[in-house]
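Below is one structure; the comments refer to it alone.
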Amino acid sequence: MSQTKESTPAPTLQSMDRGMRILELLAERPMRAKDLADALGSKWATTHRTLTYLRGSGYVRRDEDSGLHYVGRRMFSIGAAYLGNHALLNNALPAMRALADEMGGFVQIAERDGAFSTAIASVEPRTPADSITASSMLGRRYPLHTGARSQVLLAYADAEVVEEYLASPLEPLTMFSITDPQELRERLERTRRNGYAVTAQDVTVWSASVAAPIRDRNGEVVASAAAISYHEGGEHSAAAVRGIVDLARSLSHALGWRLD
């Protein structure tokens, strides 16, 4: 009887989890196999085996010259499907474009992903400020204590999420980032009281942001709308705050939310 070539074994739950963690790490920055193994706390051979599977499936690509691994085009297709079928984004882009041009800054929608906020939509003004472009990219993640969009998402998260986050180290992105849990707690309380958050120079030293919550039909905060502009000192204008609050409210209405 002729022997047939064995098919690749189906991934176990453990190997699937390892693969997902690799993809999350590569979403942050390109990495070599050894660096990935160190970050995962796993053996090099095990990490290499998982990378081989991910490369063969198109989820990861490798630069042969540098040895760096990157997220592959198949992950782009999956991400594009998520955004393409997102109810919030179907109504958001025209209003985001209008506000970006009016304010001269980037306008974003972000969702909470664990301990981070992730931009799922980002619109730049027709005359963008080059210095804030890199920090405003689609898909860019930031810790929940940095930036107005993140602080809004943390402020309206469940109490146990907030307490767990406050108990963890608050690593700074700049010298202006909040690192004291009590200061962050007070900032979150002020955000809930005002209905919006404002920050300056805590993500990058040249940027400032204002953000407001987006609610679904049940009143749950599912995302934040944020405007990011070049920091010129002083407070955010009343027009900027009003513009982002109005945008967040209109997007909430599109999702079925009505203020009682």
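The values are calculated or read from the model by the stated rules, or taken from the named source; none is laboratory data. Note that this is a predicted model, so its numbers are computed, not measured. With ideal geometry, Cβ positions are generated from the backbone for all residues, glycine too; neighbour counts draw on all protein chains shown. When the accessible area is computed, the model is the full protein with side chains, heavy atoms only, and any ligands, DNA or RNA have been set aside. Shrake-Rupley method; radii C 1.70, N 1.55, O 1.52, S 1.80 Å.
Within the range 208-243, track down each residue that is polar (S, T, N, Q) and either part of a loop (DSSP other than H, G, I, E, B) or out of contact with any helix residue (DSSP H, G or I) (no Cβ under 9 Å at 6 or more places or on another chain) (or both). Working first, answer last.
Here is the first cut: in the range 208-243, the ones polar (S, T, N, Q) are 209, 218, 224, 229, 237.
Residues satisfying the conditions are N218, S237.
Specify which of the listed residues (V241, V210, V221) is on the phi < 0 side of the Ramachandran plot, in contact with a Phe, Trp or Tyr (Cβ under 8 Å, 6 or more places away or on another chain) and open to solvent by 30 Å² or more (accessible area, probe 1.4 Å).
Values: V241 fails: open to solvent by 30 Å² or more (accessible area, probe 1.4 Å); V210 fails: open to solvent by 30 Å² or more (accessible area, probe 1.4 Å).
The conditions single out V221.
Tally time: how many residues in the range 244-260 are open to solvent by less than 70 Å² (accessible area, probe 1.4 Å), under 24 Å from E189 (Cβ atoms) and either assigned to a loop (DSSP other than H, G, I, E, B) or touching an Asp or Glu at 6+ places or on another chain (Cβ under 8 Å) (or both)?
Qualifying residue count, the range 244-260: 2.
Considering every residue within the range 170-184, establish whether at least one is free of Cβ contacts under 8 Å to residues at least 40 places away in the same chain, in contact with a Gly (Cβ under 9 Å, 6 or more places away or on another chain), open to solvent by 20 Å² or more (accessible area, probe 1.4 Å) and of a type in the set (D, E).
No, there is no match, as no residue in the range 170-184 is free of Cβ contacts under 8 Å to residues at least 40 places away in the same chain, in contact with a Gly (Cβ under 9 Å, 6 or more places away or on another chain), open to solvent by 20 Å² or more (accessible area, probe 1.4 Å) and of a type in the set (D, E).
How many residues does the range 62-71 contain that are closer than 14 Å to L26 by Cα and open to solvent by 60 Å² or more (accessible area, probe 1.4 Å)? Even if it seems obvious, please write down each step before you answer.
So the first thing to find is which residues in the range 62-71 are closer than 14 Å to L26 by Cα, and the list is 62-63, 67-71.
From what is left, the residues that are open to solvent by 60 Å² or more (accessible area, probe 1.4 Å) are 62, 70.
Residues that pass the stated criteria total 2.
Would you call S229 modelled with pLDDT under 90 and crowded, with 20+ Cβ neighbours inside 10 Å?
Values: modelled with pLDDT under 90: yes; crowded, with 20+ Cβ neighbours inside 10 Å: yes.
For S229, the condition - modelled with pLDDT under 90 and crowded, with 20+ Cβ neighbours inside 10 Å - is met.
Can you confirm whether the range 72-91 contains a residue that is modelled with pLDDT under 90, crowded, with 18+ Cβ neighbours inside 10 Å and either of a type in the set (A, V, I, L, M) or part of a helix (DSSP H, G or I) (or both)?
yes
Determine whether the range 193-207 contains at least one residue that is free of Cβ contacts under 8 Å to residues at least 60 places away in the same chain, open to solvent by 80 Å² or more (accessible area, probe 1.4 Å) and part of a helix (DSSP H, G or I). Give the steps one after another, and end with the answer.
Of the residues in the range 193-207, the ones free of Cβ contacts under 8 Å to residues at least 60 places away in the same chain are 193-202, 205.
Right, trim to open to solvent by 80 Å² or more (accessible area, probe 1.4 Å) and you get 193.
If we keep only those that are part of a helix (DSSP H, G or I) as well, we get 193.
Yes - at least one qualifying residue is present in the range 193-207.
Need pairs with beta-carbon distance below 6 Å; first residue among the small types (G, A, S) and within the range 235-260, second open to solvent by 70 Å² or more (accessible area, probe 1.4 Å) and at pLDDT 90 or above; sequence gap 6+ or separate chains.
Matching pairs, first to second residue: G256/R217.
Which members of the range 193-220 meet the condition of being among the charged types (D, E, K, R) and in contact with a strand residue (DSSP E or B) (Cβ under 9 Å, 6 or more places away or on another chain)?
In the first step, residues of the range 193-220 are kept if they are among the charged types (D, E, K, R); the result is 193, 202, 215-217, 220.
Hits for the range 193-220 are D202, R215, D216.
Of the residues in the range 16-32, how many are part of a helix (DSSP H, G or I) and either open to solvent by less than 50 Å² (accessible area, probe 1.4 Å) or closer than 19 Å to A119 by Cα (or both)? Quick ask: steps written out before the conclusion?
Of the range 16-32, the ones part of a helix (DSSP H, G or I) are 16-28.
Right, trim to either open to solvent by less than 50 Å² (accessible area, probe 1.4 Å) or closer than 19 Å to A119 by Cα (or both) and you get 18-19, 22-28.
The total comes to 9.
In the range 33-44, what count of residues is obtained for those that are at pLDDT 90 or above and assigned to a helix (DSSP H, G or I)?
The number of residues fulfilling the criteria is 8.
Would you please name the residue that is modelled with the lowest pLDDT, looking only at residues in the range 108-136 that are assigned to a strand (DSSP E or B) and not hydrophobic (A, V, I, L, M, F, W, C)?
Filtering the range 108-136 for residues assigned to a strand (DSSP E or B) gives 108-113, 116-123.
From what's left, not hydrophobic (A, V, I, L, M, F, W, C): 108, 111-113, 117-118, 122.
Values: Q108: 93, E111: 95, R112: 95, D113: 91, S117: 95, T118: 91, S122: 88.
Checked the range 108-136; the qualifying residue modelled with the lowest pLDDT is S122.
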